[in-house]
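Q: If you scroll down you'll find the structure; I have some questions about it.
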Amino acid sequence: MPTKVPVKKTKKSAQRPVKKTVKKNVKKLTLDDLLKSQDEAWAAIRETQQSLKESNLRTEKAIKETQKNVGGLSNSLGSMVEHILTPSLPKKFKKLGYNFNRIATYKYAEGVYAQIDGMLENGEQAVAVEAKVTLRQMDIDDHLLRMEKIRKYADEHGDKRQFMGAMAATITDEATRNYALKKGLFVIEPSGEDVKVTKPAVEPRVW
């Protein structure tokens, strides 16, 4: 009998499932949806405006506070000037050989602007005093220019008096003090509850 040859069974290739594509329905915007979005946008705008308003109020408050502090500084400077330019100041100058019978303040105008914190005066001489909290070299240079303006104004108005200059300050270092003295200016400083006046080593500069 003929022998049977075994027949090899071939495996069927696995078939991959086919993905079905599902069509998504696109939602159409209705009039209500548009109105709702518009309301949300306006609400966001109003919220932003409110935030800006609050920010502006805070800024305005900060500005007012700054102005208040500056005003306090001005008051402190005014008190310092009053302390230095006391009625005893003419007595201090008298010890240096100068007789002044009054202290005045001036604000020159007519194109020659110069404000003077204090002016020691008599009929023949005057000392223009510039007061600062802290004395700096630039303040001294500015006062020298101010003295030129005072002289010009005096000449234009027939004032023949001799003018001298002085720097008054509550805080002064040695180098700046010496600079003022070398420029021919008096230096006025607090000394306890009083003030002291330092005369230039050479004769004071006269304008």
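Q: Considering only Cα-Cα distances, which of the following residue pairs are longer than 22 Å: 92/182; 152/196; 132/182; 92/199?
A: The answer is 152/196.
Q: With Cβ to Cβ distances under 11 Å as the rule, what net charge do the other residues near residue 100 carry (K, R +1; D, E -1)?
A: Summing Lys and Arg as +1 and Asp and Glu as -1 gives +2.
Q: Taking the stretch 100-190, which chymotrypsin sites (Phe, Trp or Tyr not before Pro) meet the DSSP loop condition and have no more than 16 other C-beta atoms within 10 Å?
A: Those satisfying the criteria are 113.
Q: While we're looking at this one, here's another question. Would you kindly derive the ³J(HN,Hα) couplings of the stretch 200-207 from the backbone phi angles with the Karplus curve 6.51 cos²θ - 1.76 cosθ + 1.60 (θ = phi - 60°), listing them in order in whole Hz, with x for Gly and Pro?
A: With the stated coefficients, the stretch 200-207 comes to x, 4, 8, 5, x, 5, 10, 10 Hz.
Q: Test of understanding: what is the full-extension gain from residue 95 to residue 44, defined as 0.36 nm times their sequence separation minus their Cα-Cα distance?
A: Between residue 95 and residue 44, full extension yields 10.7 nm more.
Every number in this text was worked out from the coordinates using simple rules, so none of it is lab data. Everything numeric here is computed off the predicted structure, so don't read it as measured data. FYI the Cβ positions are ideal-geometry reconstructions off the backbone, even for glycines, and counts take in every protein chain you see.
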